[in-house]
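> Before we start, here is the structure in question, set down as structure tokens.
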Amino acid sequence: MKSLSLYLLSFITIILTFLCFIDLAFAKGGALTSEIPGRRLLDDDSSKPRIDVTKGYMSNEDLENAIMAFGERCSNISRIYSIGRSVNGFPLWVIEISDKPGSEEPEPAFKFIGNVHGDEPVGRELLIRFANWLCDNHVKDPLATLIVKNVHLHILPSMNPDGYALRKRGNAKNIDLNRDFPDQFFAINDLEDARQPETKAIMRWLRRIQFTASASLHGGALVANYPWDGTQDKRKEYYATPDDETFQLLASLYSHSHYNMSMSKEFPGGITNGAAWYPIYGGMQDWNYIHAGCFELTLEISDNKWPNASELSTIWEYNKMSMLNLVAATVKTGVHGRIFSSDTGRPLPASINIKGFNQTVKAGRLFADYHRLLVPGVKYQVTASSPGYKSKSTTIFLEEGATTADFILEPETSNVGKILETGCLCSGSNKNRLEVVDILAHPQMEICLVVVVAFAFLLLLYRRKLCFSLPRHRQLAGSKRPIVV
């Protein structure tokens, strides 16, 4: 019996040691951070047919063909997927552009949405041009390179293909999709099943992907509009969000990069608070900010809702730099980083809070990366927290470029204590206690224990070294030397 117990305890010791080695492999990033083989940048094959979008507006079928043609021509930096279907069953196609499309990375995500209103088709035309321009220039243009390498860009050219086909503002059921989202002030469409399929598709999309910022393209004016879009008493007045300065920064960036938007006589600087312009309720940009933590702008990019197709090239040229700079802002400003566990070295599902703001930013599921847009030239207190871990805070001074701040959180209770507590062979039986003491008194077992304790000590030293040499994630373009807290 003594011999059997001895062998059993030795076997358990070996198994535990083996498991420790497995844990170390993961802590070093073995399975979680394995590199995806790099893709060779394909040369543009001019023999492949390209959709000519300069002779007029595309039909829904033309748009679908253009998206699929783009996916084939630019497969090295893109993937095509659908987030759902319209009332009449037309797919809501999305183009994702990235150096690793379809793969999760510790990078911010940005989305463009066009054709929210069926009778405002300029956005869908510009977004196809924007995608093709990035494909043609991502190797030779620095801004295009930065976007492809450091952002996951998602482009939905048409949110309302049915309304476009019918040449009307609403969808096939004549519902204005920019009034169909849950509203913070008034109970509008509280039941998700009662909303339009296009609206529900957007809401599901934002539950799957954590977007840092976004913009929807509209027509009928020339201005960059930012939240809030409504007021509590329905009065037309400036109604600011807690991030009003950041929204003004993003809107001004778009306006001043535009050919003439910032010279508007109606809107100072070419920007406006939505509620100060005219209040709306059930709008998409307010819902993005409240429920998804996504900084969304509503961009009015043409005075005429449906300008002559001959004007599209000019409108594209006027908006190109604005679109590029807005996407690039997600990595060129703000605070970014990752959150790790001190005991395992692994990315830790956590959240970030900025003192003075009531918005919580959740870290990514796989890499525990976070991205928070903020106004430069200000000191901020950043706090990382996760259930079961001690929160940590640091103060940063945000300059013109982005700042990287990584956090290493410590468990609230020692894992060693938990192992000792759960591993105690304490029952009410004196016989069990005597058997354990008897086994420990065996001479060979004393040697075994000395070896195990020594190995455990070396393992502890290795873990401490590991925590301070965590694998570096890709540093965001334009950011300073990372801060580790």
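One line per residue, one yes/no per condition, for (1) outside the structural domain of residue 214 (by TED's automatic domain parsing); (2) in contact with a His (Cβ under 7 Å, 6 or more places away or on another chain); (3) at pLDDT below 95; (4) farther than 28 Å from residue 361 by Cβ:
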position	(1), (2), (3), (4)
244	no, no, no, no
247	no, no, no, no
254	no, no, no, no
261	no, no, no, yes
268	no, no, no, yes
280	no, no, no, no
285	no, no, no, no
288	no, no, no, no
298	no, yes, no, no
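> For residue 116, indicate whether it is assigned to a loop (DSSP other than H, G, I, E, B) and surrounded by fewer than 17 Cβ atoms within 10 Å (Cβ to Cβ).
For residue 116, the condition - assigned to a loop (DSSP other than H, G, I, E, B) and surrounded by fewer than 17 Cβ atoms within 10 Å (Cβ to Cβ) - is not met.
> Here is a further query. In the stretch 225-250, which residues are of a type in the set (D, E, K, R) and either more than 29 Å from the chain's Cα centre (by Cα) or farther than 19 Å from residue 186 by Cα (or both)?
Matches in the stretch 225-250: 233, 234, 235, 236, 237, 243, 244, 245.
> Against the condition crowded, with 24+ Cβ neighbours inside 10 Å, within 30 Å of residue 366 (Cα to Cα), among the aliphatic types (A, V, I, L, M) and in contact (Cβ under 8 Å) with a residue 60 or more places away in the chain, how does residue 151 come out, does it pass?
yes
> Do we find a residue being in contact (Cβ under 8 Å) with a residue 60 or more places away in the chain and closer than 16 Å to residue 96 by Cβ anywhere in the stretch 170-185?
No, the conditions are met nowhere in the stretch 170-185.
> Starting from residues that are more than 22 Å from the chain's Cα centre (by Cα) and either aliphatic (A, V, I, L, M) or in a strand (DSSP E or B) (or both), keep the ones in the stretch 63-100 and report whichever is surrounded by the most Cβ atoms within 10 Å (Cβ to Cβ).
So, considering only residues that are more than 22 Å from the chain's Cα centre (by Cα) and either aliphatic (A, V, I, L, M) or in a strand (DSSP E or B) (or both), the one surrounded by the most Cβ atoms within 10 Å (Cβ to Cβ) is 63.
> Still on this structure, please answer the following. Going by what's in this entry, would residue 279 be described as over 27 Å from residue 135 (Cβ atoms) and not hydroxyl-bearing (Ser, Thr, Tyr)?
Yes: the conditions hold for residue 279.
> With 345, 377, 364 as the choices, which residue is free of Cβ contacts under 8 Å to residues at least 60 places away in the same chain and either out of contact with any helix residue (DSSP H, G or I) (no Cβ under 9 Å at 6 or more places or on another chain) or within 22 Å of residue 412 (Cα to Cα) (or both)?
Of 345, 377, 364, the one residue that is free of Cβ contacts under 8 Å to residues at least 60 places away in the same chain and either out of contact with any helix residue (DSSP H, G or I) (no Cβ under 9 Å at 6 or more places or on another chain) or within 22 Å of residue 412 (Cα to Cα) (or both) is 377.
> Within the stretch 369-396, work out how many residues are in contact with a Lys or Arg (Cβ under 6 Å, 6 or more places away or on another chain) and either surrounded by 21 or more Cβ atoms within 10 Å (Cβ to Cβ) or within 12 Å of residue 333 (Cα to Cα) (or both).
Total satisfying the criteria: 2.
> Still on this structure, please answer the following. Condition check: surrounded by fewer than 23 Cβ atoms within 10 Å (Cβ to Cβ) and either in contact (Cβ under 8 Å) with a residue 12 or more places away in the chain or of a type in the set (Val, Ile, Thr) (or both). Does residue 246 satisfy that?
It is true that residue 246 is surrounded by fewer than 23 Cβ atoms within 10 Å (Cβ to Cβ) and either in contact (Cβ under 8 Å) with a residue 12 or more places away in the chain or of a type in the set (Val, Ile, Thr) (or both).
> Next question, about the same structure. If you go through the stretch 175-202 one residue at a time, how many are of a type in the set (A, V, I, L, M, F, W, C), surrounded by 17 or more Cβ atoms within 10 Å (Cβ to Cβ) and part of a helix (DSSP H, G or I)?
The qualifying residues number 3.
> State whether the residues of the stretch 330-345 include one that is hydrophobic (A, V, I, L, M, F, W, C), farther than 22 Å from residue 275 by Cα and modelled with pLDDT under 95.
Looking for residues that are hydrophobic (A, V, I, L, M, F, W, C), farther than 22 Å from residue 275 by Cα and modelled with pLDDT under 95, one finds none in the stretch 330-345, hence no.
The values are calculated or read from the model by the stated rules, or taken from the named source; none is laboratory data. Since this is a predicted model, take the numbers as computed values, not measurements. Glycine also receives a Cβ, built like all others from the backbone with ideal geometry; neighbour counts cover every protein chain displayed.
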